[in-house]
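Working notes for the structure below.
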Amino acid sequence: MILPDSGLFSCMFEKFGSSRDLCYLCNMNQDSPLKGKKAVYFTLGCKLNFAETSSVAQRLEELGAVRARKDEQADICFVNTCSVTEVADHKCRQAIHRLVRQHPGAFVVVTGCYAQLRPMDIAAIEGVDLVLGADQKGRAVELIVDGLSHSRPTPIRPIHSPSLPGRGESLFVPSCSCGDRTRYFLKVQDGCDYYCTYCTIPFARGRSRNGSVASLVAQAEDVARQGGKEIVITGVNIGDFGKTTGETFLDLIRALDRVEGIERYRISSIEPNLLTDEVLEFCAGSRAFMPHFHVPLQSGSDEVLRLMHRRYDTALFAQKMQRIRQLMPDAFIGVDVIVGMRGETDEYFAEAREFMDRMPVSQYHVFSYSERPGTKALNIPHRVSPELKHERSQQVLDISRTHTHAFYNKYIGTVRPVLLEHGKRKGVTGGFTDNYIRVTCNAAVHDRDNQIVNVRLTGWNADETALMGEFV
């Protein structure tokens, strides 16, 4: 049997490195204990987590598993967790308990950042069979198959990896997956070497590492063969691409732009200090990279950026925003902001708010600072109260709404290309323009799903979450 060109299986082969192991994995397809097994998947957190879960689901389904329908009892529960905030940790625990209750006797696997950082807490939850840290994540399919190949009179002792930075740094687990819509998510990089004072990602995902340009181009070519039109480039710190292979992010996007059949690329998030002029100039003149950027700011106060150990200041960030606008005047720019960081005084927040208000940004994504065990931010004096965090969040959200409305209003009456997505309501379809304006059209055109069409933007919809459009 020819082994499917699966990113996860490629990773496994690189890890095990023998034809005997490869034959074992091939034989799982022929006589798989997964045949007919029902599986449910629950993912929290970032796009990278969703891409990784989708790759695991695809491989399990290739081995005979099927997705459990609503209200069906599942045999496998796969939970991919997040630990970016204390709220995220709480949601992870809730989800695990809920799935254990809803699917008694299921083989329960928990992975992701929370699993890496707090493995024993999860292992203590009754009904959990496997807890997979960063080093074990690439073996998820193999371990699930192995677990279901044996009777389980008593629960399997959960597996977990030590939560040490740098663990798994030589192992890059690729994934490329299609979400519920029409776009694909291509993981090009994992881990982070930055160690910002508020963040646990380096401890949860390890050091920065990446796939080769050639392997990622091959995955993009496979997306094109499947009929995919749009790929979102994902990772933890994608601008740091190349630590493993000696290549650069510019090398990667140049190569991806040459893949025939892919008509749109979007860069999910890139640090301002890594968003080079060369990258911007290439995107502006490229065939398929869209005028759409997501750039974390985190704070508009230089003193707070210093406390965060960010690698830029507001002057550099402003220069990047101006350069984007010079090269791509129509670009949508989304920006991440954290409010209520330790040390963020009233004066510093006022500076940040004024800076954010004058930036040519299309939307702010606002997060309240959350204390994470083991981070250096805990040593910073001056804590911001939850009430003040909420108030500051609302102030930045008000700025964001003003900017987003102004950006959308500029394009009312214009014609933009829209990649149509599966409509959730009968008689309604829509999608996103090249510059990431959400569009809704009152027309049922299921035969045109995953097609790029010209749409005239006519005005706001009723709840002002999108612009209405009509086909040209």
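If neighbour count is taken as other Cβ atoms inside 10 Å, put 440, 345 in order from fewest to most.
Values: 440 20, 345 13.
With the sparsest Cβ surroundings first, the list reads 345, 440.
For the chain, which DSSP H helices look membrane-span-like by this rule: Cα extent along the axis of 15 Å or more and mean Kyte-Doolittle of at least -1.0? Helices meeting the span and hydropathy rule in the chain are 19-30, 47-62, 86-102, 213-225, 314-327. Among rounded, prolate and oblate, which fits region 322-410 when a ≥ b ≥ c are the square roots of the eigenvalues of its C-alpha gyration tensor, a/c under 1.5 means rounded, and a/b larger than b/c means prolate? Here region 322-410 falls in the prolate category.
Within the same chain, aspartates and glutamates fewer than 8 places from residue 137 are excluded, and of the rest, those with a Cα less than 12 Å from its Cα are 52. What would the Debye formula give as log10 I(q)/I(0) at q = 0.13 Å⁻¹ for the alpha-carbon point model of region 329-472, no solvent? Computed log10 I(q)/I(0) values: -0.69.
Antiparallel as a % of all DSSP beta bridges within region 167-290, to the nearest 5? Please list the in-between numbers first.
Numbers: 5 of 15 bridges.
The antiparallel fraction comes to roughly 35 percent.
Shape of region 182-334 from its Cα gyration tensor (a ≥ b ≥ c, root eigenvalues): rounded if a/c is under 1.5, otherwise prolate when a/b > b/c, or oblate? Cα axes put region 182-334 in the oblate bin. Principal axis extents of the Cα atoms in the chain, from largest to smallest and rounded to whole angstrom, are 62, 57, 46.
Free of any GluC sites (Glu not before Pro) that DSSP assigns to a loop and that have at most 16 other C-beta atoms within 10 Å, the longest stretch within the chain is 127-259.
For residue 90 and residue 460, what does the FRET efficiency come to when R0 = 30 Å and r is the distance between their Cβ atoms, rounded to the nearest 0.05?
Numbers: r = 35 Å, r/R0 = 1.18.
Approximately 0.25, to the nearest 0.05.
Tell me whether region 30-75 comes out rounded, prolate or oblate; compute the Cα gyration tensor, take square roots of the eigenvalues as a ≥ b ≥ c, and use a/c under 1.5 as the rounded threshold. In terms of gyration-tensor shape, oblate. Of the residues 58, 206, 315, the one whose Cα sits farthest towards the positive end of the charge dipole of the chain is 58 (charges of +1 on Lys and Arg Cβ, -1 on Asp and Glu Cβ, taken about the Cα centre).
Across the chain, Cα pairs under 8 Å and at least six residues apart give a relative contact order of 9 percent.
Projected onto its three principal axes, the C-alpha set of region 225-274 covers 33, 20, 14 Å, listed from the longest axis down. Between the listed residues 355, 144, 429, the Cα displaced farthest toward the positive end of the dipole of the chain, a dipole computed from Cβ unit charges relative to the Cα centre, is found at 144. For the chain, a simple Cβ point-charge model (Lys and Arg +1, Asp and Glu -1, everything else neutral) yields a dipole of about 740 debye relative to the Cα centre.
Using 0.36 nm per residue, how much length does the chain from residue 385 to residue 442 gain when fully extended, once their Cα-Cα distance is taken away?
Values: separation 57, 0.36 × 57 = 20.52 nm, distance 4.55 nm.
Between residue 385 and residue 442, full extension yields 16.0 nm more.
State which entries of 70/229; 47/243; 35/229; 70/187; 70/91 exceed 27 angstrom in Cα-Cα distance in the structure shown. Long pairs (Cα-Cα over 27 Å): 70/229; 35/229; 70/187. The calculated Kirkwood hydrodynamic radius for region 46-128 is 13.4 Å, given to one decimal from all distinct C-alpha pairs.
Values quoted throughout were computed directly from the atomic coordinates according to the rules given, and no laboratory measurement underlies them. Nothing here was measured: the structure is a model prediction, and the numbers come from that model. Methodologically, a virtual Cβ is constructed for each residue, glycine included, from the backbone with ideal geometry; neighbour enumeration extends over all protein chains shown.
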